[in-house]
Amino acid sequence: MENTYRLIDGFRKQSRASIERHLDRLADNYAVYSVHLKGISPFLENNDIYVYVHKACIVVVCIDNYGNLDELADERYVHGEVPLYFTEESHRVSPVWQLVESIRLIKMKLREAHIDTFDLWGVLLSESKFLNADDMKEEWEDQDISVIDNLKGLKRWRVEVNTDDDLPYGPNIMAAIESIVKRPDPKATEVAHETETDSILQELIDDFINSPTEKEAECDEDICGTSTGNVGENDADHAENDNADTAISNSELCTDLAEPNLEDSQSKFKAKVTILQPLPNPRNELDKLVGCADIKARIDELLALNRYNAMVRTAFPGAKTHEVSLHSIFLGQPGTGKTTVCKIFGSLLHEAGVLSKGHVVVANRSTFVGSRWGDEESNVRHALELAKGGVLMIDEAYLLVSKHEQDPGRLVLQLLMEVLADEKQRDIAVVLCGYREPMMQLLDTNQGLTSRFPNRFEFNDFTVDELIEITSRRIGEYQYSFTEDAWQKFKDMLASAYKQRDPQSWGNARFVANQLERIYIRHARRCVSESPTDSKQLLLLTPADIQPIDVPRPRPRIGF
């Protein structure tokens, strides 16, 4: 990988133990331009932001001083509702989503200023502890974001910057994005620094009193065998990274860059996708799905027709067989199982001999619309190459078309259809997914989609009984059970929430998953506090563990 990406990779390698030192070293590196901002409008208006520029790369660091709280991160976007993070008592808008949107605005401003040669990466530094950080790491990186959570004393950090106007790019970039950034007020900063001194001193004393001794800390590391960072590195990795940091000189960033964690065929594809491997027993997985009777029947019809064609070709070589297009449209609200069914779909087609591999490549608008004009054609072809032998699933496909005539996303579907018109493109199934209403509008605006994607699958909202069955299966995975009173309380609350639901933002199975996560957290804290003597109580959910369910309120429509 070229030197131009070393700034980004340097940030990707950091952990809780090394990030502050890394920022200090960058301030002393005369090859890196950096600047401190007091916000980016409108998503991060009240956050300290640090922008770093080196050659063709920009890194945007956001300081998240929400507090030392335990949170569950959820980046899934519901039409009309932005992603939310949940604490035991409340929730907030995802800071990662806000950072992603801020970077999107920066890209737009750079394009308007004809500065279009940059790769951007975001870094979120948070005081909060994200309980599911390990599970979210891949999803964050798919959005070009690194997250380091559970940082102690983050508000006390004094990050130095290097605003040398002679450095290339830096001043021009800041001039291009000036309309969306907030600059620090020197006088206000000085006053704030003076008023914070006493509280910071008290925090330092508290940290010293409450922190483990050196020996205790060593014991904790021996027991865990891992660092406290959420990036999955062990102590040896930290030592290696620290040595790499030491190698940064004032003349060049010398951090060795790791190749993306993708197969060889993906190494040159910079756009972000998620690859789902085929299932070993897809028929069993299909049968286990709650509801979805129409979906199961439609899949069986497609499989039967393909198997029939194979039988005819074997019995009557050269006979004409029915043309079967695998390209499909999945219509449905969030949490109705579109991604799960798509994974089963690819695996079943592979099992039937229709697809050579059966994997699923999950993409979205950001996969195709690159940081530079003209990226769309190469990204479409690369995505199709990755999905060859399997399924290319394009989530929220309607976002590829907007009302803006110059939107590069408008080219993607046209390019996609041109490639799929090639008769050689048989060993692939393309699935367009999204909410029913905007997807129908998309089909109306592009008549070619109807003929290219003849298979339509409707994913209906789950009924209350189906959601209750999903709940039973989910708690069974952890060997939990409800007391009789707790189970009745949960069912009553779920029925009430279902009745009040907003059809445009109702989360279906995802809504159940979010509520269960809150119950798990409350249950865990109660058990730690009460220390039950009967071990069976550790897996028994009681009415005290169940809080009133938050029903998403209708919000202004966003998107298509």
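The values are calculated or read from the model by the stated rules, or taken from the named source; none is laboratory data. Keep in mind it's a predicted model, so treat the numbers as computed, not measured. Glycine gets a Cβ as well: all are built from the backbone with ideal geometry, and neighbour counts include every protein chain shown.
In the stretch 167-181, what count of residues is obtained for those that are within 17 Å of Asn47 (Cα to Cα) and either of a type in the set (Gly, Ala, Ser) or surrounded by 12 or more Cβ atoms within 10 Å (Cβ to Cβ) (or both)? Before you say what the answer is, go through the steps one by one.
So in the stretch 167-181, the residues within 17 Å of Asn47 (Cα to Cα) come out as 177-181.
Within this subset, residues satisfying the condition of being either of a type in the set (Gly, Ala, Ser) or surrounded by 12 or more Cβ atoms within 10 Å (Cβ to Cβ) (or both) are 177, 179-181.
The qualifying residues number 4.
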- line: Per the list (1) closer than 14 Å to Phe368 by Cα; (2) in contact (Cβ under 8 Å) with a residue 24 or more places away in the chain; (3) surrounded by fewer than 20 Cβ atoms within 10 Å (Cβ to Cβ), residue check on Arg410 breaks on (2)
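Looking only at the stretch 446-463, how many residues end up being over 16 Å from His327 (Cα atoms) and surrounded by 14 or more Cβ atoms within 10 Å (Cβ to Cβ)? So that I can check it myself, show each step before the final result.
First, pick out the residues of the stretch 446-463 that are over 16 Å from His327 (Cα atoms): 459-463.
With the extra rule that they be surrounded by 14 or more Cβ atoms within 10 Å (Cβ to Cβ), the set shrinks to 459-462.
Residues flagged as over 16 Å from His327 (Cα atoms) and surrounded by 14 or more Cβ atoms within 10 Å (Cβ to Cβ) within the stretch 446-463 amount to 4.
Let's see how each residue does on (1) in contact with a Pro (Cβ under 7 Å, 6 or more places away or on another chain); (2) part of a helix (DSSP H, G or I); (3) more than 27 Å from Ala175 (Cα to Cα):
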| site | (1), (2), (3) |
| --- | --- |
| Ile8 | no, yes, no |
| Arg21 | no, yes, yes |
| Ser34 | no, no, no |
| Val61 | no, no, no |
| Asn68 | no, no, yes |
| Glu88 | no, no, yes |
statement: Of the listed residues (Asp9, Asp64), the one being within 18 Å of Val123 (Cβ to Cβ), buried (at least 17 other Cβ atoms within 10 Å of the Cβ), out of contact with any helix residue (DSSP H, G or I) (no Cβ under 9 Å at 6 or more places or on another chain) and in contact (Cβ under 8 Å) with a residue 40 or more places away in the chain is Asp9
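Sort out which residues of the stretch 450-462 are more than 16 Å from Lys296 (Cβ to Cβ) and in contact (Cβ under 8 Å) with a residue 60 or more places away in the chain, and write them in order of number.
To start, the set of residues in the stretch 450-462 that are more than 16 Å from Lys296 (Cβ to Cβ) comprises 450-454, 461.
Residues satisfying the conditions are Arg452, Phe453, Pro454, Asp461.
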message: Among the residues of the stretch 468-479, are any farther than 27 Å from Leu69 by Cα, in a helix (DSSP H, G or I), modelled with pLDDT of 90 or more and in contact with a Pro (Cβ under 9 Å, 6 or more places away or on another chain)?
response: no
query: Are there any pairs with C-beta distances below 9 angstrom linking a residue in the stretch 507-525 that is on the phi > 0 side of the Ramachandran plot to a residue that is assigned to a helix (DSSP H, G or I) and among the β-branched types (Val, Ile, Thr), with the two at least 6 apart or on different chains, and if so which?
result: Asn508/Ile470
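Just wondering, is there one or more residues in the stretch 317-333 that are under 15 Å from Asn284 (Cα atoms) and buried (at least 21 other Cβ atoms within 10 Å of the Cβ)?
First, the residues of the stretch 317-333 that are under 15 Å from Asn284 (Cα atoms): none.
No, because not a single residue in the stretch 317-333 is under 15 Å from Asn284 (Cα atoms) and buried (at least 21 other Cβ atoms within 10 Å of the Cβ).
Does Ile519 qualify as being modelled with pLDDT under 90, among the β-branched types (Val, Ile, Thr), surrounded by 14 or more Cβ atoms within 10 Å (Cβ to Cβ) and closer than 23 Å to Glu469 by Cβ?
Details: modelled with pLDDT under 90: no; among the β-branched types (Val, Ile, Thr): yes; surrounded by 14 or more Cβ atoms within 10 Å (Cβ to Cβ): yes; closer than 23 Å to Glu469 by Cβ: yes.
For Ile519, the condition - modelled with pLDDT under 90, among the β-branched types (Val, Ile, Thr), surrounded by 14 or more Cβ atoms within 10 Å (Cβ to Cβ) and closer than 23 Å to Glu469 by Cβ - is not met.
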query: For Gly374, are the conditions met, namely being within 21 Å of Pro454 (Cβ to Cβ) and either modelled with pLDDT of 90 or more or surrounded by fewer than 15 Cβ atoms within 10 Å (Cβ to Cβ) (or both)?
result: no
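Out of Asp207, Asp149, Asp164, report the one residue that is within 35 Å of the chain's Cα centre (by Cα), at pLDDT below 80, surrounded by 11 or more Cβ atoms within 10 Å (Cβ to Cβ) and in the same structural domain as Val53 (by TED's automatic domain parsing).
On the way: Asp149 fails: at pLDDT below 80; Asp164 fails: at pLDDT below 80.
Every option except Asp207 fails the conditions.
Where residues in the stretch 522-531 are surrounded by fewer than 13 Cβ atoms within 10 Å (Cβ to Cβ) and not acidic (Asp, Glu), which of them is farthest from His91 (Cα to Cα)? Steps first, answer last, please.
First, the residues of the stretch 522-531 that are surrounded by fewer than 13 Cβ atoms within 10 Å (Cβ to Cβ): 528-531.
Now narrow it down to the ones that are not acidic (Asp, Glu): 528-529, 531.
Numbers: Val528: 23, Ser529: 23, Ser531: 28 Å.
Looking at residues that are surrounded by fewer than 13 Cβ atoms within 10 Å (Cβ to Cβ) and not acidic (Asp, Glu), I get Ser531.
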message: I'd like to check something: does the stretch 98-120 contain any residue that is outside any helix (DSSP H, G or I), at pLDDT 90 or above and of a type in the set (A, V, I, L, M)?
response: yes
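Among the residues of the stretch 513-544, which ones are assigned to a helix (DSSP H, G or I) and of a type in the set (Val, Ile, Thr)?
Quick first cut of the stretch 513-544, residues assigned to a helix (DSSP H, G or I) only: 513-530, 535-539, 543-544.
Passing the criteria: Ile519, Ile521, Val528.
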Candidate set from the stretch 452-467 (those that are assigned to a helix (DSSP H, G or I) and either in contact with a Ser or Thr (Cβ under 9 Å, 6 or more places away or on another chain) or more than 30 Å from Leu392 (Cα to Cα) (or both)); member that is modelled with the lowest pLDDT: Arg452
Among (1) more than 20 Å from Asp142 (Cα to Cα); (2) crowded, with 20+ Cβ neighbours inside 10 Å; (3) modelled with pLDDT under 85, the one test that Val78 misses: (1)
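Would you pick out the residues in the stretch 496-512 that are part of a helix (DSSP H, G or I) and either β-branched (Val, Ile, Thr) or surrounded by 18 or more Cβ atoms within 10 Å (Cβ to Cβ) (or both)?
Ala497, Tyr498, Ala509, Phe511, Val512
Just need a number here: residues in the stretch 350-371 that are outside any loop (DSSP other than H, G, I, E, B) and at pLDDT below 85.
1
Looking at Ala486, Ala509, which is the one that is at pLDDT below 90 and of a type outside the set (Ser, Thr, Tyr)? So that I can check it myself, show each step before the final result.
On the way: Ala486 fails: at pLDDT below 90.
Only one candidate qualifies: Ala509.
Applying the selection to the stretch 28-55, what residues are modelled with pLDDT under 90 and surrounded by 17 or more Cβ atoms within 10 Å (Cβ to Cβ)?
Let us first name the residues in the stretch 28-55 that are modelled with pLDDT under 90, namely 28-31, 41-43, 45-46, 54-55.
Residues satisfying the conditions are Asn29, Ala31, Phe43, His54, Lys55.
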query: In the stretch 251-279, what residues are closer than 30 Å to Glu323 by Cβ and either assigned to a strand (DSSP E or B) or modelled with pLDDT of 85 or more (or both)?
result: Ile275, Leu276, Gln277, Pro278, Leu279
query: Looking at the stretch 535-557, is at least one residue touching a Gly at 6+ places or on another chain (Cβ under 6 Å) and modelled with pLDDT of 85 or more?
result: no
